[in-house]
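Colleague: Supplied in structure tokens, the structure appears directly below.
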Amino acid sequence: MKRVILLLLVVLLSGSFTAAIATAQIPAQKGTPQAPVKIVQGTLKGMDPLNKTITVEIVEGQSVTLKVDNDAFVQVHRVGKKGERVELRLSGNDVVQTVAVGTGP
């Protein structure tokens, strides 16, 4: 009887430990960003604080407007200037998560 209880206790503890590790590795829907999926380099052409978007020229003459995460928008608004090179890290749904200013050739 003691062995059965001890065995059930071990199984219960190992199962809860496995579940805790699995939930720690899955990002929450809100609050924690996903791992970047795409990295894009281009030239910053404009910022829209109202819609939290930026316009970046990726290929000469072709600009694209992208939605920006709140933290990334604060970062680009603080240090980004029009005409500077930027490196954007995008999530799976093409939202900019992080911005590095002044990078690239």
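The values are calculated or read from the model by the stated rules, or taken from the named source; none is laboratory data. Keep in mind the model is a prediction, meaning the values are calculated, not measured. Backbone-built Cβ (ideal geometry, glycine too); neighbour counts: all protein chains shown.
Colleague: Step by step: first the residues of the stretch 65-105, then only those that are more than 17 Å from the chain's Cα centre (by Cα) and touching a residue at least 40 places away in the same chain (Cβ under 8 Å), then the one that is farthest from Lys52 (Cα to Cα). Which residue is that? Steps first, please.
Modeller: Step one: filter the stretch 65-105 for residues more than 17 Å from the chain's Cα centre (by Cα), giving 65, 77-85, 102-105.
Adding the requirement that they be touching a residue at least 40 places away in the same chain (Cβ under 8 Å) leaves 83-85, 103-104.
Details: Gly83: 19, Glu84: 19, Arg85: 19, Thr103: 22, Gly104: 24 Å.
My answer is Gly104.
Colleague: Condition (residue is modelled with pLDDT under 85, among the acidic types (Asp, Glu) and either in a strand (DSSP E or B) or out of contact with any Phe, Trp or Tyr (no Cβ under 6 Å at 6 or more places or on another chain) (or both)) applied to the stretch 60-71: is it met by at least one residue?
Modeller: Checked the stretch 60-71: at least one residue is modelled with pLDDT under 85, among the acidic types (Asp, Glu) and either in a strand (DSSP E or B) or out of contact with any Phe, Trp or Tyr (no Cβ under 6 Å at 6 or more places or on another chain) (or both).
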